[in-house]
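Note sheet for the following structure.
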Amino acid sequence: MRFVVQLVAVVAAAFLAGQAVNSVTESPWLSLAAGLVTSLIAVAVYYWAVRWTEKRDVTEALPGPAASGLARGTLLGAGIFAAVIGNIAVNGGYRVHGLSDDPLAAVGLIGFMAAAAVTEELMFRGVLFRHVEKLTGTWLALLLSALVFGGVHLLNENATLWGALCVAVAGGGMLTSAFIATRSLWLPIGLHFGWNYAQAAVFSTEVSGNGLKQGLLDAESSGNAWISGGTFGPEASLSALMAGVVVTAVFLWLAHRRGHMVPMRRREPSTLVA
């Protein structure tokens, strides 16, 4: 029941956030404002739903560590993607022609990507992973939630099965392991935002096959799809896959050192009454 209430609340918030941001796409400043406001509302909805159903302090979304977690996550996500696109460029899969004709598009994408990062992290890490982990332990919950996260991306416009698998392994693994290592939603939200914002708003590439290709740079991806990611975007490239696996491994190592791994629940042996 707790899972259902929280999931419905977050999905409703995500739907309203999407509607609000998509309704003002012609104005980058309104898109920015709509995205930031709906992100705050989504966090408040999650906080209320968890507090009401679980009767506890919502430690994973406390406002105190928000600024630090978001800042560190954003820098990390943008830095990792910059390394990925740099590797793709070196191998001939990405080329920059100059600056774009509409640099203000990057402003509106702040709101769009913030709303997407916040609502997806609340849904997949805050609700799905956290509840599954209680039943299965960390490892199986990580696997299952990552597969669901990747599978949802099959609904995108230019989705491919390989691309969705890459999102599951690299994106789902990286973001979930960031939550496990910190037991806070702020770092994965920032990581998610920084990665996606760098893709669309800075390097002007496709984001998970959803058609977003606007930003500061006038650039194109071309050549071998294994290198560039093809129509799905850089997330379907081998560079992104390898980067995601490495970062996931580092976060899981930190989680193990910090004692944040939850073992699989074992059923108590049944006893026979004579």
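Here Ala159 fits the description: over 22 Å from Leu16 (Cβ atoms) and of a type in the set (A, V, I, L, M). Among (1) on the phi > 0 side of the Ramachandran plot; (2) under 14 Å from the mean Cα position of the chain (by Cα), where does Gly223 come up short? Gly223 satisfies all of (1) on the phi > 0 side of the Ramachandran plot; (2) under 14 Å from the mean Cα position of the chain (by Cα) except (2). Just one of the listed residues (Leu252, Leu241, Leu272, Leu212) is within 19 Å of the chain's Cα centre (by Cα) and either at pLDDT below 85 or among the β-branched types (Val, Ile, Thr) (or both), and it is Leu212. Residues considered: Gly69, Gly77, Gly64. Of these, the only one that is in contact with a Leu (Cβ under 6 Å, 6 or more places away or on another chain) and within 12 Å of Trp186 (Cβ to Cβ) is Gly69. Check whether at least one residue in segment 134-141 is out of contact with any strand residue (DSSP E or B) (no Cβ under 9 Å at 6 or more places or on another chain), closer than 22 Å to Ala12 by Cα and of a type in the set (Lys, Arg), and report yes or no. No: zero hits. Among the residues of segment 84-94, the ones that are surrounded by fewer than 13 Cβ atoms within 10 Å (Cβ to Cβ) and in contact with a helix residue (DSSP H, G or I) (Cβ under 9 Å, 6 or more places away or on another chain) come to 1 in all. All told, Gly190 falls short of being surrounded by 24 or more Cβ atoms within 10 Å (Cβ to Cβ), more than 30 Å from His256 (Cβ to Cβ), of a type outside the set (Asp, Glu) and in contact with a helix residue (DSSP H, G or I) (Cβ under 9 Å, 6 or more places away or on another chain).
Between Leu40, Leu7, the distinction of being closer than 25 Å to Thr248 by Cβ and either buried (at least 17 other Cβ atoms within 10 Å of the Cβ) or out of contact with any Phe, Trp or Tyr (no Cβ under 9 Å at 6 or more places or on another chain) (or both) belongs to Leu7 only.
As a summary of the residue check, Asp57 satisfies the conditions (1) surrounded by 13 or more Cβ atoms within 10 Å (Cβ to Cβ); (2) charged (D, E, K, R); (3) closer than 21 Å to Ala181 by Cβ except for the one numbered (1). Taken as a whole, the structure places Leu191 among residues that are in contact with a Leu (Cβ under 6 Å, 6 or more places away or on another chain) and either modelled with pLDDT of 95 or more or acidic (Asp, Glu) (or both). A single entry from Ala117, Ala168 fulfils the requirement of being buried (at least 21 other Cβ atoms within 10 Å of the Cβ) and either of a type in the set (Ser, Thr, Tyr) or over 14 Å from Gly77 (Cβ atoms) (or both): Ala168. Condition check for Ala61 on (1) in contact (Cβ under 8 Å) with a residue 60 or more places away in the chain; (2) farther than 20 Å from Ser145 by Cβ; (3) of a type in the set (A, V, I, L, M, F, W, C): one failure, at (2).
The values are calculated or read from the model by the stated rules, or taken from the named source; none is laboratory data. Note that the coordinates shown come from a computational prediction; the quantities given were computed from them, not determined experimentally. As a convention, Cβ positions derive from the backbone with ideal geometry for all residues, glycine included, and neighbour counts pool all protein chains shown.
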